[in-house]
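Here the structure comes first, spelled out in structure tokens, and everything after it is commentary.
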Amino acid sequence: MAKPLISRSTTALTGSVRVPGDKSISHRALMLGALAVGESVVTGLLEGDDVLRTAACMRALGAEVERRSDGSWRLFGRGVGGLMEPADILDMGNSGTGARLLMGLVASQAFTSFFTGDASLRSRPMRRVSEPLGRMGAGFVSRDGGRLPLAVVGTDRPVPITYETPVASAQVKSAILLAGLNTPGETTVIEREATRDHTELMLRNFGATVRVEAAEGGGRAITVVGYPELTGRPVMVPADPSSAAFPAVAALLVEGSEIRLPNVGINPLRTGLYQTLLEMGADIAFENKRDQAGEPVADLLVRASRLKGIDVPAERAPSMIDEYPILAVAAAFAEGTTRMHGLGELRVKESDRLAAMARGLAACGVAVEETQDTLTVHGTGRVPAGDATIATHFDHRIAMAFLVMGMASARPVTVDDAEAIDTSFPGFQALMNGLGGKIEAVG
Ligand code: S3P
């Protein structure tokens, strides 16, 4: 059953709110905790559908995974190479990260696993991981186009590879590095553009040897040494900067707002949106910067601001790949034109986000142009009309972006289905309304 929501224009947002844990780090904490010897306790884990699916899969692969009454998660791992054949199909739901990283993890385990997911995930490209994992020795049986459902025939004789990723993708990089754990020798991924490095940071924290070097011809070479002794660790998951982006932009757009977002991850490979908003004239302060279990975090203080349009270079895309929907909304309220380049990957996310944003913004009365890999938003500095119903295509970030749009538009904005928000941001509606939002069920 679809869950439509309507978002009405509101007055100054205020308060301090904790947004849920980082999705990328949460997946990785469960996977590495399941591979480590001994106990790992994870605090701040994102309890969204995507991550809960990974938790269930790690259990199906033989690890002990339990949620404790204080909200922390306790894992007891099987050791690298100690996973067990799952008795049933691994259903990754909506999660590309869960699916691609786990495919890597099981590629070098000597058993066969079957993967499926929801309609969105079953349409997404998987060759980008099955191709390099095949070079390491794993076999794949998939639907046309390499898509899910598919079977991974893990190899008991994995070979280490050096692989240059053809697309900037932390998921592809991570899948190969995770397969490299149960592989002799050194497995190397070369990436021409740096992508989020949570896998590398967390692997090191659990005791693996990971080298990052300048690659010949540009970019970086990331090497993991096979058969590490991973040891159980505490992991503290910071608040997700990609989720924090929604209340942050809402506060920038709604006049008179001032909000605080504590303990947000500010890994430099994730903060492209914040850099862009600052260039547009946003008033965002990063207070109390500190390190938390190997990841940098800060408390964000965001005040309503007048924004101006800018050019967002293609090189910045990897550090803000999930943030273009909400940036496009911010751009619709800015004065002047914002041009976003290098967005080809947005077409193969949970939905074709480039098309969804272009259509949705146009429906809200905003002048937009879309090419194969760019989005141009012509802001006028005036409040857009809103007054539209948006097709979200079961995409959490499209739904949240347009609910933020409604909070600052002249007329309400409705999203046809907000169900997908639970994949990454459970409690979104209540959190936004707690700040002063007016987001309600339709009907
Ligand atoms: C992620 C990597 C990105 C991002 C996704 C999470 C990760 O995908 O869009 O939400 O946790 O590694 P790509 O690797 O496809 O760029």
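Overview of results
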item: Summed residue charge, Cβ within 13 Å of P4's Cβ, Lys/Arg positive, Asp/Glu negative; result: -3
item: Among beta bridges that DSSP assigns inside the chain, antiparallel share in %, nearest 5; result: 75 percent
item: Volume per residue of the C-alpha convex hull in segment 1-90, rounded to whole Å³; result: 140 Å³
item: Residue of A107, A410, A239 that the Gaussian network model of the chain assigns the largest fluctuation, springs spanning Cα pairs under 10 Å; result: A410
item: Å² of accessible area per residue within the chain, as computed with a 1.4 Å probe and no ligands counted; result: 36 Å²
item: Per-peptide average of other Cβ atoms within 10 Å, ordering 433-441, 344-352 highest first; result: 344-352, 433-441
item: Shape category assigned to the chain from the gyration tensor of Cα positions, a/c cut at 1.5; result: prolate
item: Apportionment of accessible area to carbon and sulfur, the chain, percent (1.4 Å); result: 49 percent
item: Check: segment 106-195 dipole with +1 on Lys, Arg Cβ and -1 on Asp, Glu Cβ, in debye; result: 240 debye
item: Summed side-chain charge close to R18 - residues other than R18 whose Cβ falls under 12 Å, Lys, Arg +1, Asp, Glu -1; result: -1
item: The chain, helix-only ellipticity at 222 nm - DSSP H runs n ≥ 4, -39,500 (n - 2.57), divided by all residues, nearest 500; result: -9000 deg cm²/dmol
item: Span-rule helices in the chain, defined as complete DSSP H runs reaching 30 Å or more along the axis (Cα) with Kyte mean at least -1.0; result: none
item: Charge sum, other residues only, whose C-beta stays under 13 Å from S305's C-beta, Lys/Arg counted +1 and Asp/Glu -1; result: -2
item: Three-way shape call for segment 223-303 based on the alpha-carbon gyration tensor, with the a/c threshold at 1.5; result: prolate
item: 24 Å Cα-Cα reach of K349 towards lysines, excluding residues that sit fewer than 8 places from it in its own chain; result: K3, K23, K173
item: Solvent-accessible area of R135 with every protein chain in place, 1.4 Å probe, in Å² to the nearest 10; result: 130 Å²
item: Overall form of segment 340-443 per C-alpha gyration tensor (a/c, 1.5; a/b vs b/c); result: oblate
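The values are calculated or read from the model by the stated rules, or taken from the named source; none is laboratory data. Note that this is a predicted model, so its numbers are computed, not measured. Cβ atoms come from the backbone with ideal geometry, glycine included; neighbour counts cover every protein chain shown. The protein model used for the area step is the full one, side chains on, heavy atoms only, and it has no ligands, DNA or RNA in it. Shrake-Rupley method; radii C 1.70, N 1.55, O 1.52, S 1.80 Å.
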